[in-house]
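The values are calculated or read from the model by the stated rules, or taken from the named source; none is laboratory data. On a predicted model such as this, the values are computed, not experimentally measured, just so you know. Here the Cβ is made from the backbone with ideal geometry for all residues, glycine too, and neighbour counts use every protein chain on show. The accessibility values were calculated without ligands, DNA or RNA, using every heavy atom of the protein model including side chains. Shrake-Rupley method; radii C 1.70, N 1.55, O 1.52, S 1.80 Å.
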Amino acid sequence: MVKESKNVKAPVFDAQAFLDSASVARKVVVYRNSQKIYCQGDPATSVMYIQKGGVKLSVVSEVGKEAIVAILGPGDFFGEGCLAGQSVRMGTVAAISPSTVLVIEKNEMFKVLHEEHGLSDRFIKFMLARNIRIEEDLVDQLFNSSEKRLARTLLLLARYGKEDKPHGVLRNLSQETLAEMVGTTRSRVNFFMNKFRKLGFIKYNGGLQINTSLLSVVLHE
């Protein structure tokens, strides 16, 4: 269930081999675009691993205001709160494109984290990266302008700097969603998106294509 990648000593998590080992505590589920995977308040009984597609994590306050917490893609985990004692889901997760998700029951996840070094290595790396991201998000909200926050959000969504190096085209991403993630208004997002487009940082070509030159906005003092 663990295979060695070329020129890399660390084991790589092989999702297919993991699935091929018989167990009712793990399964693959395919979700259509916009389909909810679980809702806020549902029982927290499993951890999910994204094989294909992407998901949106959101939380709704008592007065009905929704906030988007994160958008995740292939190789990311979600629902891991159940491992830390959460009995119910703290937010809602929905697919933002046709998505294939590996679902691992909580007890099974505890077991494989001990047995599958490839999975445990990936899981730990993901959790550390998420903690760093949360700290960076806090600093971003406290000190950076909405323009810089939007640029950083777009680069993160395009997975800039990730090892898998995707092509950086975002589909089915509305300006309302971006406004919620950045913490500003849709009109401000629209203004900055038009500015980024005129400067050549982004373009619309079968989706929203992010140019790495957008990094200059983030780095600019």
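Brief remarks follow.
- Considering only residues in region 45-72 that are within 27 Å of GLU135 (Cβ to Cβ) and basic (Lys, Arg), the one that is nearest to the chain's Cα centre (by Cα) turns out to be LYS56.
- Options ILE104, ILE37, ILE50: the member that is in contact with a Pro (Cβ under 6 Å, 6 or more places away or on another chain), in a strand (DSSP E or B) and farther than 18 Å from ASP137 by Cβ: ILE50
- In region 97-123, the qualifying residues are those that are modelled with pLDDT under 85 and among the acidic types (Asp, Glu), and the one that is surrounded by the most Cβ atoms within 10 Å (Cβ to Cβ) is GLU116.
- Residues of region 29-64 that turn out to be at pLDDT below 90, exposed (fewer than 14 other Cβ atoms within 10 Å of the Cβ) and aliphatic (A, V, I, L, M), as a count: 1
- Taking the criterion of being out of contact with any Cys (no Cβ under 8 Å at 6 or more places or on another chain) and basic (Lys, Arg), the residues of region 104-162 that qualify are LYS111, ARG122, LYS125, ARG130, ARG133, LYS148, ARG149, ARG152, ARG159, LYS162.
- The condition of being within 25 Å of ILE202 (Cα to Cα) and free of Cβ contacts under 8 Å to residues at least 60 places away in the same chain holds for GLN141.
- All positions within region 65-96 that are touching a Lys or Arg at 6+ places or on another chain (Cβ under 9 Å), surrounded by fewer than 18 Cβ atoms within 10 Å (Cβ to Cβ) and not aliphatic (A, V, I, L, M): PRO74, GLY75, GLY81
- Helices (runs of 4 or more DSSP H) fully within region 118-221 that include at least 1 residues being out of contact with any helix residue (DSSP H, G or I) (no Cβ under 7 Å at 6 or more places or on another chain) and polar (S, T, N, Q): 175-182, 186-198, 215-219.
Matching residues to (1) open to solvent by less than 50 Å² (accessible area, probe 1.4 Å); (2) more than 19 Å from the chain's Cα centre (by Cα); (3) over 17 Å from GLY54 (Cα atoms):
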position: LYS125; (1), (2), (3): no, no, yes
position: GLU135; (1), (2), (3): no, no, yes
position: LEU138; (1), (2), (3): no, no, yes
position: ALA158; (1), (2), (3): yes, no, no
position: MET181; (1), (2), (3): yes, no, no
position: ASN194; (1), (2), (3): no, yes, yes
position: ILE202; (1), (2), (3): yes, yes, yes
position: GLY207; (1), (2), (3): yes, no, no
position: VAL217; (1), (2), (3): yes, yes, yes
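- Comparison of ALA94, ALA70, ALA25 shows that the only residue that is at pLDDT below 90, of a type in the set (A, V, I, L, M, F, W, C) and closer than 23 Å to GLU180 by Cα is ALA70.
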